[in-house]
1. Go through the residues of region 6-29 one by one and say whether even a single one is modelled with pLDDT of 95 or more and in a loop (DSSP other than H, G, I, E, B).
2. Would you pick out the residues in region 20-29 that are of a type outside the set (A, V, I, L, M, F, W, C) and exposed (fewer than 15 other Cβ atoms within 10 Å of the Cβ)?
3. Kindly indicate whether I36 is free of Cβ contacts under 8 Å to residues at least 60 places away in the same chain, β-branched (V, I, T), at negative phi and in a helix (DSSP H, G or I).
Amino acid sequence: MERVRSVIEDDALREAIRNWIQCRFDDGQKINERAIDQHLTDLLRRSTDPKTQLEIVNQSIKRNWKAFYDLVKDKAPKDKSADRKSAFGKPEDYKKGSFG
């Protein structure tokens, strides 16, 4: 954890990294100082912006990842209701009394 304190100046980012490490321990995954150092180096390569780094770390926590990856944009769920065809016809048919 000494490397985290020496390399990361942003308190929120430092806390997020601690949380990420704790999540790994909670899942029974071991991580040593050397691995932490390599992950920090990787994080710093992915972005120099502390806000983006924080988003990367939080993404890894959210997705239960063992490492840091580039940010993934969550896709908005597609509205499938427009694609579905009812076996019972259209709702307006019910109002008219015709069940085609």
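The values are calculated or read from the model by the stated rules, or taken from the named source; none is laboratory data. Computed from a prediction, not measured in an experiment: that's the story for all the values here. Positions of Cβ are backbone-derived with ideal geometry, glycine not excepted, and every protein chain shown enters the neighbour counts.
1. no
2. Once the filter is applied, which keeps residues that are of a type outside the set (A, V, I, L, M, F, W, C) and exposed (fewer than 15 other Cβ atoms within 10 Å of the Cβ), region 20-29 yields Q22, D26, D27, G28, Q29.
3. Yes; evaluated as a whole, the condition is true for this residue.
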